[in-house]
Amino acid sequence: MNGPEIFNFTIEKIPGLIQETLNVNGLTMDDIDYFVFHQANSFMLNYLRRKTKIPTEKFYIDMEKTGNTVSATIPIALKNMMDKGLLKRGNKILLAGFGVGYSWGATILDF
């Protein structure tokens, strides 16, 4: 894996993906309660958060105990959010996955 190349790919594609996902769903950043991205690494996540102008309190990072568990990072983060009581009925959560293989995708969950 070429880490710097994956980083560049991610910071190029994901901000547009976030805006496109909001647009397709007729939503704005203000409509989203939480943004949960693939938990690649905290440096990349914080860079993406700043670049997309997502408020810190709406951006969930769950790297402390598990690190990058590849395709399981988003489900693990959601489970940990539920266990902490962060998710409430009616929340809107924007999920974004990306990574090696130059794949990316996003969706919005109504909790």
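Every number here is computed from the coordinates shown, using simple stated rules; none is lab data. Note that the coordinates shown come from a computational prediction; the quantities given were computed from them, not determined experimentally. A quick note on method: Cβ atoms are made from the backbone with ideal geometry, for glycine too, and the neighbour counts reach across all protein chains shown.
For segment 10-19, putting each phi into the Karplus relation 6.51 cos²θ - 1.76 cosθ + 1.60 with θ = phi - 60° gives couplings of 5, 6, 7, 8, 5, x, x, 4, 4, 5 Hz, in residue order, rounded to whole numbers and with x for Gly and Pro. Only helices enter the 222 nm calculation for the chain: every DSSP H run of n ≥ 4 contributes -39,500 (n - 2.57), and dividing by all residues gives -13000 deg cm²/dmol, rounded to 500.
Over segment 12-70, the hull volume per residue, using the convex hull of the C-alpha atoms, is 89 Å³. Taking the DSSP bridge list for segment 3-110 and keeping only pairs wholly inside it, about 55 percent are antiparallel. In percent, rounded to a whole number, the relative contact order of the chain is 34, using alpha-carbon pairs under 8 Å and six or more apart.
Residue-wise HN-Hα couplings along segment 80-87, as the Karplus relation 6.51 cos²θ - 1.76 cosθ + 1.60 with θ = phi - 60° gives them from phi, are 5, 5, 5, 4, 7, x, 6, 8 Hz; Gly and Pro carry x. The residues T69, T56, T10, T107, when put in order of fewest to most other Cβ atoms within 10 Å, stand as T56, T107, T69, T10. The convex hull around the C-alpha trace of segment 22-111, projected and averaged over every direction, spans 5.8 square nanometres.
The dipole here belongs to the chain: it is taken about the Cα centre, uses +1 on the Cβ of Lys and Arg and -1 on the Cβ of Asp and Glu, and is about 180 debye.
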